[in-house]
1. Starting from the range 479-505, take each residue that is part of a loop (DSSP other than H, G, I, E, B) and open to solvent by 10 Å² or more (accessible area, probe 1.4 Å) and list its partners that are of a type in the set (Ser, Thr, Tyr) and at pLDDT 90 or above, counting only C-beta distances under 9 angstrom and pairs at least six apart or across chains.
2. Going through Gly387, Gly418 one at a time, which residue ends up being within 16 Å of ligand 2 (Cβ to nearest atom), surrounded by fewer than 18 Cβ atoms within 10 Å (Cβ to Cβ) and either among the basic types (Lys, Arg) or assigned by TED's automatic domain parsing to the domain that holds Gly450 (or both)?
3. If you go through the range 441-450 one residue at a time, do you hit one that is in the same structural domain as Ala547 (by TED's automatic domain parsing) and within 14 Å of ligand 1 (Cβ to nearest atom)?
4. Mind listing just one residue for me: the one in the range 345-384 that is on the phi > 0 side of the Ramachandran plot and either in a loop (DSSP other than H, G, I, E, B) or at pLDDT 95 or above (or both) and, of those, nearest to ligand 2 (Cβ to nearest atom)?
5. Within 16 Å of ligand 2 (Cβ to nearest atom) and open to solvent by 30 Å² or more (accessible area, probe 1.4 Å): does that describe Gln433?
6. Looking at the range 386-398 only, could you name the residues that are more than 9 Å from ligand 1 (Cβ to nearest atom) and in contact (Cβ under 8 Å) with a residue 60 or more places away in the chain?
7. Does the range 211-230 contain at least one residue that is open to solvent by 20 Å² or more (accessible area, probe 1.4 Å), over 28 Å from the mean Cα position of the chain (by Cα), of a type in the set (Asp, Glu) and modelled with pLDDT under 95?
8. Among the residues of the range 117-130, are any within 24 Å of Val183 (Cβ to Cβ) and modelled with pLDDT of 90 or more?
Amino acid sequence: MTTVTAAPAHHDSGTFRAALPHIAPFLGILVLAVILPFVSNDYWVLIGTRAAIYWVLVSGLNLVVGFAGHLAIGYVALLTLGAYTTSVLVAGNVMPPVPVFAALPIAGAVGAVFGVIVGLPALRLRTFYFAMSTLGFATIVTQIALAWQSVTGGGIGIVGPEFPAPFNTAWGFYFLCICFGVVTTWMSANIARSRFGRALIAVRDAEVAAEATGISKPKMLIAIFLFAGALAAIAGGLFATLQTYITPDAFTFDLSVLFFIAILIGGRGSILGPMLGTIILTILPEIAAPLAAWSTFLYAVLLLLIVLVMPGGIAALLDFRNRRPLASNRAIVPRPAALADIVRKRTGGSHLKLRGIALSFGNVRAIDGLDLDVAPGEIHGLIGPNGSGKTTTLNVISGYYAAEAGSMTLGDDALPPGEPTLRAHRGIARTFQTPRVIGEASVLQNVMIGGSIEGRASFVESMLALPRNAWDERMLAAKARALLGVVGLESLAEVRTDRLQHSELRFIEIARALMLDPDFLLLDEPAAGLSNDEIERLAVLIKAICARGTGVLLVEHHADLIFDICHQVTVLNLGRTLAAGTPAEIRVHKEVVSAYLGG
Ligand code: ADP
Ligand code: MG
């Protein structure tokens, strides 16, 4: 491979300076937290402790709710589970007493397992059902705590674990909880900034595109359910100590609502926002003591206000960078020559072959016995009127639909029907007729998502910011920046993607697909919505991609573009091949001319 894949030299001071604006607010909050006990009284230390414990839970839950977009509203259940597990282990009700610092990790492990069990419905069902399953679990845990008297003390409750000195004072315990909060913030931020964090948002906002880049939703979700469950249970252990004595009614549904709303008012995909949200919601009932009884009502009003006034939450409010206006007369000027530095040159290689592919939707025969050959280093045009089955053909190749008949091969190997996430591993990348990007992420992040499967660090390595994760990030960022240069969008790298024009999204999708360094690139109407100048530049770009040895399957309506750059053309009509051949042959094909070219 080439220069870009070798991660560029690491400048410690430079990276630190770049990261400082992101870290500064957290350092500010930490400084405030450290001086709090010195400038206030034990009452505020107690509230600070509570906020820190809640944040330990919320920092994990934030990845589930704010990043992955799953409505986990019953997370108090995992807090309860952790509180009882820790208390019971330390009290020695079922086995010899365990020291509290050993009981906490055990509770974390139990929480991780149950985090996944509660999360399982989210792998198949969306939002609503998952919300119900977390709620149901909350009820079950409380009922078990009530019924299992010999272990949990039933309605009478159980003593919370006590920490050894120096953590057995109000101050000592406060600083311990702050330490836990710092560590969980660091870990969740590491995940959020890694390819795993980007993959979570990708699955949330552009699931189909995420699959096409090889991101496996179940694997991602299981990893964060483990993480969030463990943190929630550890928070439970700390919570039990704070309460000194726990009964099932210490774990109210209000608490669950607090965790959830803290994330919503904080803003999706942010860590600082939900942290501020947690602090605000913990303090709010205290400074407005008469309102404490109304806290649920208060939360509901707050939530409504947020939804109406600032849907992006605190995070959007603090996002000053994306308020700067963008130049309105910006032009996309690709530099295809730069591709040579990024995409490896292939010679030879295998063909992508479709034979007798057929697929119906109800009575509609979308594809009816289609044969297609895409050769490496060639551009194959696929044209035909609307509804003739072009997009469906791409969807069959990229595994979203399983063909009812026919075969698909890549070289000597069959391409299994279905399994869209495996296509990226087989070197097949694509774009979409309607661009599928993550509006809330930056352009650079959107492109980096395309290279997710090239990362080498495991989830745990990323969580702990180990060297391989840093290497992945530098490699992916450098490659994405270089590809943004190739498609002519590098000046927009840091901009939120939902601020861009439609034509720019098409080029972002191409850059994202190129992150895979694909053997085959499937383009679904890339010229739709582009100006004539842009179409010309797109043509040059596609030719440059194919000159590196990539096979391109180009679905297009613009006949000029097709006849200009394609080596082979297949014309579809009602799911059948009307004609196939070189552009010169197609241009004079009688049926094509009368049925499609209209002349
Ligand atoms: P094209 O991309 O050539 O415009 P499509 O491949 O999108 O056409 O569609 C081919 C036919 O299949 C159309 O009649 C369309 O309505 C139908 N079709 C495509 N996708 C679906 C689907 N998911 N469910 C039902 N019908 C579909
Ligand atoms: Mg289409």
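1. Glu494/Ser442; Val495/Ser442
2. Values: Gly418 fails: within 16 Å of ligand 2 (Cβ to nearest atom).
So the residue among Gly387, Gly418 that is within 16 Å of ligand 2 (Cβ to nearest atom), surrounded by fewer than 18 Cβ atoms within 10 Å (Cβ to Cβ) and either among the basic types (Lys, Arg) or assigned by TED's automatic domain parsing to the domain that holds Gly450 (or both) is Gly387.
3. Scanning the range 441-450 turns up no residue that is in the same structural domain as Ala547 (by TED's automatic domain parsing) and within 14 Å of ligand 1 (Cβ to nearest atom).
4. Ranking the qualifying residues of the range 345-384, first place goes to Gly384.
5. So Gln433 fits the description; yes.
6. Residues of the range 386-398 that are more than 9 Å from ligand 1 (Cβ to nearest atom), as a first pass: 396-398.
Correct list: Ile397, Ser398.
7. No.
8. No, because not a single residue in the range 117-130 is within 24 Å of Val183 (Cβ to Cβ) and modelled with pLDDT of 90 or more.
The values are calculated or read from the model by the stated rules, or taken from the named source; none is laboratory data. None of these values were measured; they are calculated from a predicted model. When we count neighbours, we look across all protein chains shown, and the Cβ atoms used for this are built from the backbone with ideal geometry, even at glycine. For the accessible areas, the whole protein counts, side chains as well, though only heavy atoms, and no ligand, DNA or RNA atoms are used. Shrake-Rupley method; radii C 1.70, N 1.55, O 1.52, S 1.80 Å.
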